[in-house]
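Inspection log for the structure reproduced underneath, given as C-alpha cells.
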Amino acid sequence: MDKWSFGLTLLVVGISGTFITLWLLGLVTELLKKAFPLEPEEKK
Amino acid sequence: MLETILAGISGLGSGALSLVSVAGLPNLIMLAAGGVLLYLGVGKNVEPLLLVPIGFGCVLVNIPFGGLNEEGGLLKTLYDMGVANEVFPLLIFVGIGAMIDFSPLLEKPSMLLFGAAGQCGIFLTLLLALALGFTNLESVSIAIIGACDGPTAIYVTSQYAPHLLGAVSVAAYSYMALVPIIQPPIMRALTTQKERTVRMPTIRKSVSARARLLFPIVVTLVGGLIAPKGLPLLGTIMLGNFMRESGVVARLTKASENEIANVVTLFLGLAIGSTMEGHAFLTPQTLAIFGLGFLAICLDTVAGVVFGKIVCAATGGKVNPLIGAAGISAFPMAARVVQVEGQRYDKRNYLLMHAAGANTGGQIGSVVAAAVMLSVLQAMGLG
C-alpha cells in the first residue's frame, strides 16, 4: 500500500470511525439516563 | 604501580573530556536542553510533574559513561519495565479515570461530538507527516500528539515508533501546557463577535448516581467492541472512573490518583528522558516533530471551532461555537480557555459547565480516536 492510500484510509476511516463511535456512546448514555432517572432524593 | 595509578586517574574526568570533544557536542547540547526543560518545569510551572523528571532523565542520559541507559542501568530498566510494554501510560490512565468527574458530559451527552471534532487534527497531521517523508508508523506516532493526551501519545508511540518517543512526549506535554496561548487567537479568528457572545442555558442536575456508575462500563463495552485494539486505553481510564463512582473502593481510588499515579509519573518521566540521548535526539526529524505537533493542536482547535459554528447554525444560534475549542483533550485547560474567551466579550456569559462537558468528551474522544486508529492499523496488518 502506498503512503497516500494509507494516509487517506486513516483520515476517512479514522475521522468517521471516531464520530460514529462517540455518537453511539452519546446515544447509549442518553438511554442510560432515561433508564436510570434521577431519584427524588437525589434531586434534593 | 605508577602505570596503574595513572590508569586509575584517567578514569576520573572521562565524562568531562568526552563532553568537550567534537563527539560529545550532541550530549552537551542535550544537557542544555535538559536544563531548559527543568527551567520550564520549575521556573515557569509548565507541566512540572512530567517535565522535571523528563528534564532530569535527559541530563542523566547525556552525561557520558554514566551507564544509566545500558543494560541493567536504572533508566534502561525503567524503560523496559513500563514504557516498552506500555504499562506506565496505562497505569496513569487508571489515575486519570479516578480523578475525572464525567458529570458535565453526562448532563449533555451530545457534547461527545465536540470531543470527536477535536480529534480531527490527528488525522490531518498524519497526512502532513507523510508528506514530509516520515514512514507510515512514524506518521501515526507524530499525529497522535494531536490527541492532546500525554499517556495516549506515549502508548501509541512506544508501540509504533519507540525511537521518536522522547520528541513526541516532550512535544505533547509542552503543547498541552501551551493550550491557553495557542487556542485563543484561533478561536477569535474563526468566530464573529456575535457568535462569541451566544449565551447557553444553565445546566440542571439530571444524572442519577446509577447512571454515573454504569457509564464507565457502557463506554468500555461499546468502545471496546467497536475498536478492540484500544481497549487497554479505554478500559483503564474507565476502570479508574468506575472505582471513583462506585464509592466502595475509596482506598484504591485514592491510591490510583495519588500514590500510583505519582510513582508511575516519576518513572515514566525518567524513562522518557532516557530516550533523549544527544546522538539519537538531535536530528532534523525532531524539529519536524515539534512543528507537526504544534500544527496538530492548531488543527484540532480549528476543527473544533468550525464544528461549533456548524452546530451553532444548525441549532439557530443556541450553541456558542467557542465550546468547540474545548473538544480537545487538554483537561481542564481547554474548558477554562473557553470560559475566559467567552467572558472577554460578555462578562455574564458562563460557558464553563458546557465547556467542561465538551472537554471531558474530548478526553474520551482522544482515547476513542487512538483506539479507532490502532484497530484500523491492525486490520491493515500493521498493528
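The values are calculated or read from the model by the stated rules, or taken from the named source; none is laboratory data. These numbers were taken from a predicted model, which means no experiment stands behind them. Every residue, glycine among them, receives a Cβ derived from its backbone with ideal geometry; neighbour counts consider all protein chains shown.
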> Hey, among B:Ala288, B:Ala330, B:Ala325, B:Ala296, which residue is closer than 13 Å to B:Met187 by Cα and either touching a residue at least 12 places away in the same chain (Cβ under 8 Å) or within 22 Å of the chain's Cα centre (by Cα) (or both)?
Replying inline: B:Ala325
>> The conditions are (1) away from every other protein chain (no Cβ under 14 Å); (2) of a type outside the set (A, V, I, L, M); (3) surrounded by fewer than 24 Cβ atoms within 10 Å (Cβ to Cβ), and B:Glu138 fails exactly one of them. Which is it?
In response: (1)
>> Looking only at the range B:198-254, filter to residues that are in a loop (DSSP other than H, G, I, E, B), within 9 Å of chain A (Cβ to nearest Cβ) and in contact with a Phe, Trp or Tyr (Cβ under 9 Å, 6 or more places away or on another chain); which one of those is surrounded by the most Cβ atoms within 10 Å (Cβ to Cβ)?
In response: B:Val207
>> Testing B:Ala172 on (1) out of contact with any helix residue (DSSP H, G or I) (no Cβ under 7 Å at 6 or more places or on another chain); (2) at pLDDT below 95; (3) part of a helix (DSSP H, G or I), one condition comes back false. Which one is that?
In response: (1)
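Let's see how each residue does on (1) within 22 Å of the chain's Cα centre (by Cα); (2) more than 20 Å from B:Pro162 (Cβ to Cβ):
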residue	(1), (2)
B:Val52	yes, yes
B:Pro64	no, yes
B:Leu68	no, no
B:Leu75	yes, no
B:Leu90	yes, no
> Could we say that B:Thr286 is over 30 Å from B:Asn69 (Cα atoms) and in a helix (DSSP H, G or I) here?
Replying inline: no
> Quick one: which of B:Gly115, B:Gly146, B:Gly133, B:Gly121 is part of a loop (DSSP other than H, G, I, E, B) and within 14 Å of another protein chain (Cβ to nearest Cβ)?
Replying inline: B:Gly133
> If we scan the range B:100-112, do we find a residue that is more than 14 Å from chain A (Cβ to nearest Cβ), touching a Ser or Thr at 6+ places or on another chain (Cβ under 7 Å), in a helix (DSSP H, G or I) and not basic (Lys, Arg)?
Replying inline: no
> Given B:Gly66, B:Gly82, B:Gly57, which one is touching a residue at least 12 places away in the same chain (Cβ under 8 Å), within 30 Å of B:Leu12 (Cα to Cα) and either surrounded by fewer than 24 Cβ atoms within 10 Å (Cβ to Cβ) or out of contact with any helix residue (DSSP H, G or I) (no Cβ under 8 Å at 6 or more places or on another chain) (or both)?
Replying inline: B:Gly66
>> With the requirement that a residue be of a type in the set (Val, Ile, Thr) and at the interface with chain B (Cβ under 7 Å from one of its Cβ atoms), what does the range A:10-44 give you?
In response: A:Val13, A:Ile15, A:Thr18, A:Thr21, A:Val28, A:Thr29
